[in-house]
Amino acid sequence: MSRRTLDIWTSFARWPGGRWAFSRLLCLKAPYFGSIRPRFEELRPGLCRVSIRRRRAVQNHIGSVHAIAMCNMAELAGGTMTEVTVPATHRWIPKGMTVEYLKLAKSDLVAVATPRAPLDVSATGEFLVDVDVRDRDDESVFTALITMWVSPRRERSGAA
């Protein structure tokens, strides 16, 4: 796993404002995620919980949270969970995402990313991540299945 990401989370999360600071730091590394102003609530191998507030910038023309904002949220939660789950000897990249919009999202939201099955690093291949996005009433409004491609890191040559 990326000890660095998990170590940063662990050191930040215990302090007042630390979750907010971690969220901002991650958005500096991957700026597009900043458009939804995520807040990390929980992070550990096998689980990531991210929340967003329903605000005008993430709403569509009918006042619900925009579908793409929820896709963005799902990719952030799924990718960060994968980052802290995959061992440092391996790398990962999103390969695809299938989504379902279950109902209008009319409140703040929480996305929870978990692996569909335990990670098997004995062979290069797909790692499936489920993301469930729930509203303030704890009702599922959106689900995603993200396919991550996990492979061993290449040895770097020419380093002196």
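The values are calculated or read from the model by the stated rules, or taken from the named source; none is laboratory data. Since this is a predicted model, take the numbers as computed values, not measurements. All Cβ positions, even for glycine, are placed from backbone atoms using ideal geometry, and neighbour counts span all protein chains on display. Note: accessible area is taken over every heavy atom of the protein model, side chains too, but ligands, DNA and RNA are not part of it. Shrake-Rupley method; radii C 1.70, N 1.55, O 1.52, S 1.80 Å.
Per-residue 3J(HN,Hα) values for region 100-107, derived from phi via the Karplus relation 6.51 cos²θ - 1.76 cosθ + 1.60 with θ = phi - 60°, read 9, 9, 8, 6, 4, 9, 10, 8 Hz in sequence order (x marks Gly and Pro). Using the rule -39500 (n - 2.57) for each DSSP H run of four or more residues, divided by the residues of the chain, the 222 nm mean residue ellipticity is -8500 deg cm²/dmol. Helices that extend 24 Å or more along their long axis by alpha-carbon positions and average at least -0.5 on the Kyte-Doolittle scale are, among the DSSP H runs of the chain, 67-85.
Based on protein heavy atoms only, the chain ends up with 58 Å² per residue of surface accessible to a 1.4 Å probe. Packing order of peptides 11-21, 136-146, 73-83, highest average first: 73-83, 136-146, 11-21 (average count of other Cβ atoms within 10 Å over each peptide's residues).
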